[in-house]
Each structure stands twice: as structure tokens, then as C-alpha cells.
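Here the structure is laid out as C-alpha cells; the discussion comes afterwards.
The values are calculated or read from the model by the stated rules, or taken from the named source; none is laboratory data. Just so it is clear, the structure is predicted and the values come from calculations on it, not from any experiment. Note that we place each Cβ from the backbone using ideal geometry, even for glycine, and neighbour counts take in every protein chain shown. Keep in mind that these areas ignore ligands, DNA and RNA; they rest on the heavy atoms of the full protein, side chains included. Shrake-Rupley method; radii C 1.70, N 1.55, O 1.52, S 1.80 Å.
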Amino acid sequence: DEKAFEEITQYVIDKNHKDLILVYGRKSAFVTLKREKGFKNALQKNNIEFENVTKIYSEFIEEKAYSKVKRLLIEKGKALGTVFVCMSDLMAIGTIRAIKECGYKIPEDFSITGYDGMSFIKYIEPNITTVNQNMIRKGYEAARLLSDMIENNSESKSINVDYQFITGNSVKNL
């Protein structure tokens, strides 16, 4: 999660986005903390202050992302930033809905990224730049590790599952 989220953050920075909006998952969730670390790594490498990033907490819930993003868009408009970096595809969908309902276009007015590589994301317009984290393999490996821990009384360990960066047409080059 950390490496992949750093990569997707670096991608938007390489497209000259400096005013980032981070759409968070659950504050204390392990995956949120790993993705935040990757995000911060990319910022640090590019001399962007984390304090200058707009942060939206939405618990990995599409509807919360939608309502919070919409409220901020109504308040701040395009001054909010240039790119929404979402910690999940579901939150990206809620964010897209809010952007469109406020009369803005993607990627012309705001760029957006997701994360997860959910199968239904291919039906969303515009196609979202995202990370396919190979959730089926991740689940299989987690079950295998858990089984090993139970059967052999082994200690927990972490594994890395390959991910795939998917370039959509949701990020504009500034």
C-alpha cells in the first residue's frame, strides 16, 4: 500500500499538480496509515508541505466522500486544489459525483485518482487513474497466512502482493 500510494501520488506531482486534496479512509485503519505514509514520501521528495494539503476524512464511504467534497467545492470552488487523491475507488466515485453536480469537469477542472482497482471502475467516466492492488490475491495470501498461524502457531508476518498502476484519463497535465 505504501509504495503504490507513493507511486500514484508521484504520478500526479509529475503532471505538475502541487495543490493536492487527500481523500482519506478511516483515520486509524492500518491501510490508511500505510497509504498516508506513501503520500507523505512523495510530497517530501518534491518539497511539498503536508500541512498545505487539504484533507477530507470519509471513512472509505462513497456517500461521505460525496457530501464532504461537495460541501468544500461549494465553499471554495477551484481554490480547493487541482487534484483529488483518493484512498479508494469508492471514495473516488463519490468525489466524481460531487465534482459533476457542482458543474465542474474531470479532468478539465479537477483531476482525480482512486485506489483499489475495483472491477466496476471501468464503467465510470472518465476512466479513473487507479492502483489495482490485486485484492483476490491479497485475500488468498491473508487466508493462507492466517491458516499457517492457527495450524502451526506461527507468528504473524507481512507479505507483499504485486500491484498494477492503471492510467486512466482522469488526471490532467498542468
Residue match in the stretch 34-51 (condition: of a type in the set (A, V, I, L, M, F, W, C) and either touching a residue at least 40 places away in the same chain (Cβ under 8 Å) or open to solvent by 60 Å² or more (accessible area, probe 1.4 Å) (or both)): yes
Any hit, the stretch 85-101, residues being part of a loop (DSSP other than H, G, I, E, B), surrounded by fewer than 14 Cβ atoms within 10 Å (Cβ to Cβ), in contact (Cβ under 8 Å) with a residue 12 or more places away in the chain and out of contact with any strand residue (DSSP E or B) (no Cβ under 7 Å at 6 or more places or on another chain): no
Yes/no for TYR140 being open to solvent by 100 Å² or more (accessible area, probe 1.4 Å), modelled with pLDDT of 75 or more and not aliphatic (A, V, I, L, M): no
The stretch 102-129, residues that are buried (at least 19 other Cβ atoms within 10 Å of the Cβ), over 17 Å from ALA4 (Cβ atoms) and not β-branched (Val, Ile, Thr): PRO107, PHE110, SER111
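Table: residues versus (1) under 20 Å from VAL131 (Cβ atoms); (2) under 16 Å from the mean Cα position of the chain (by Cα).
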site: PHE50; (1), (2): no, yes
site: GLU59; (1), (2): yes, yes
site: GLU62; (1), (2): yes, yes
site: ALA65; (1), (2): yes, yes
site: LEU80; (1), (2): no, no
site: VAL83; (1), (2): yes, yes
Residues that are buried (at least 20 other Cβ atoms within 10 Å of the Cβ) and closer than 24 Å to MET118 by Cα, drawn from the stretch 69-81: VAL69
Residue count for the stretch 18-27, restricted to those that are more than 15 Å from the chain's Cα centre (by Cα) and open to solvent by less than 100 Å² (accessible area, probe 1.4 Å): 1
Sole exception among (1) in contact with a helix residue (DSSP H, G or I) (Cβ under 8 Å, 6 or more places away or on another chain); (2) assigned to a helix (DSSP H, G or I) for TYR104, by number: (2)
